[in-house]
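The values are calculated or read from the model by the stated rules, or taken from the named source; none is laboratory data. Note that this is a predicted model, so its numbers are computed, not measured. Because the Cβ atoms are built from the backbone with ideal geometry, glycine has one as well, and the counts that use them run over all protein chains shown. Side chains included, ligands, DNA and RNA excluded: accessible areas come from the protein's heavy atoms. Shrake-Rupley method; radii C 1.70, N 1.55, O 1.52, S 1.80 Å.
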Number of protein chains: 2
Amino acid sequence: MQIAIALYDRFTALDAIGPYQTLGGIPGAEVVFVAGRTGPVPDDAGQLALVAGRTFDEVPHPDIVVVPGGPDQRDQMENEPLLDWLRAVDATTTWTTSVCTGSLALAAAGLLTGREATSHWLALEVLDGLGVRSTGQRVVFDGKYVTAAGVSSGIDMGLALVGRIAGDERAQSVQLLIEYDPQPPYDAGSPEKAPAHLVEMWRRETGLAAGAPAGS
Amino acid sequence: MQIAIALYDRFTALDAIGPYQTLGGIPGAEVVFVAGRTGPVPDDAGQLALVAGRTFDEVPHPDIVVVPGGPDQRDQMENEPLLDWLRAVDATTTWTTSVCTGSLALAAAGLLTGREATSHWLALEVLDGLGVRSTGQRVVFDGKYVTAAGVSSGIDMGLALVGRIAGDERAQSVQLLIEYDPQPPYDAGSPEKAPAHLVEMWRRETGLAAGAPAGS
């Protein structure tokens, strides 16, 4: 089973690593990081680079595709090489997935039209504008399309997919090995739970640029 | 404020990225990935490479050090360049931290002797054997030494540290922006919660090699 995680300049690191660290626990999984060109791909903060081992052309038939998000929606929505590849590989994937604003790429590629999906909380209106029915859920399954909310939600999505593909016990093993027993020191992880003035501040500061990075 | 995340062959990706994605939200933070040599450093599954931008010699005075773990404790405990660097930089750090079996490197460097600390649940006995008082807590503060449990716990540690350094509101903003509102589809994230037969299986399979990767 080949799992392809798409990279592009200014992607958000945890969006890619959450699914990687969980889906990689599927027995026999081969994970490839794929981009327009091989080599280091810088993240949204410009302080990290992940190495793409393959070009899009070299990965024509992945079983699972994962598209991470990034803070400037144009990086996904106007990324023609990425969108072309998504349209092509989607024809034969078993699962087509995204984390955070990665769903804007799937939507811009025309793959989510009329479907239920999610995205970073700051990007849900943009997603609606692309003919998608956004939900406030953390992980949304609609047929073979699986979308997750902002950044860290890719861990939850990955575990859910491991369960579907390899069974509950395998998913529980992955959760146990990554010791995913979350104990956040605050309860501010969603716009419904965070202090209202912080939610408003970030809505103002990010404007239409969805999914601002933690370092912004 | 310079934050140095140490890399070495066969590190676990999420151990490094959890703190990166949270500590990077400290205003003015400069994050550097540092290793024995610059360039790509392969992770424990050999399917991902993160780029080290600096050598240990080039980062003599970081304010915060983060040591990720990896599944074979020898990679940390017998890594003399890493241990030498940790001993040297610890003299001037504000915070010296680890995720997962990264604490075995801090302990092997002699920095945790007599202190309370934690590690991956599979490595707690090894930690005790190094003169450290292990606890079952997810994040342990002992003076300037902050250690986190397995893999995903680095997110919780990172948020706690952002709060200490930059205040509760900044930490809440980081949590909101990475949408860290965990909803794991299973409740198997610790040896106390996971099915007992899975805990026993992984204790047997990993033996003394602490902290097996999700992909093992």
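Some points to look at:
- Test: residue in the range B:200-215 that is polar (S, T, N, Q) and modelled with pLDDT under 95: yes
- The listed residue being out of contact with any Pro (no Cβ under 9 Å at 6 or more places or on another chain) and buried (at least 24 other Cβ atoms within 10 Å of the Cβ), out of B:Val126, B:Val132: B:Val132
- Test for B:Val139: is it out of contact with any Phe, Trp or Tyr (no Cβ under 6 Å at 6 or more places or on another chain) and crowded, with 24+ Cβ neighbours inside 10 Å: no
- Selection from the range A:169-190 of residues that are more than 7 Å from every other protein chain (Cβ to nearest Cβ) and without any contact (Cβ under 8 Å) to a residue 60 or more places away in the chain: A:Asp187
- Qualifying positions in the range A:150-201 - touching a Pro at 6+ places or on another chain (Cβ under 7 Å) and among the acidic types (Asp, Glu): A:Asp156
- Taken over the range A:122-166, the residue count meeting the criterion of being outside any helix (DSSP H, G or I) and modelled with pLDDT of 95 or more is 22.
- Here no helices (runs of 4 or more DSSP H) wholly within the range B:1-109 include at least 1 residues being open to solvent by 20 Å² or more (accessible area, probe 1.4 Å), at the interface with another protein chain (Cβ under 10 Å from one of its Cβ atoms) and more than 20 Å from B:Val132 (Cβ to Cβ).
For every residue, the table says whether it meets (1) within 27 Å of B:Arg164 (Cα to Cα); (2) of a type in the set (Ser, Thr, Tyr).
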{"site": "B:Ala4", "(1), (2)": "yes, no"}
{"site": "B:Pro19", "(1), (2)": "yes, no"}
{"site": "B:Ile26", "(1), (2)": "yes, no"}
{"site": "B:Leu50", "(1), (2)": "no, no"}
{"site": "B:Pro60", "(1), (2)": "yes, no"}
{"site": "B:Pro68", "(1), (2)": "yes, no"}
{"site": "B:Glu80", "(1), (2)": "no, no"}
{"site": "B:Thr92", "(1), (2)": "yes, yes"}
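- Residue in the range B:154-163 that is more than 13 Å from chain A (Cβ to nearest Cβ), in contact with a helix residue (DSSP H, G or I) (Cβ under 9 Å, 6 or more places away or on another chain) and not aliphatic (A, V, I, L, M) present: no
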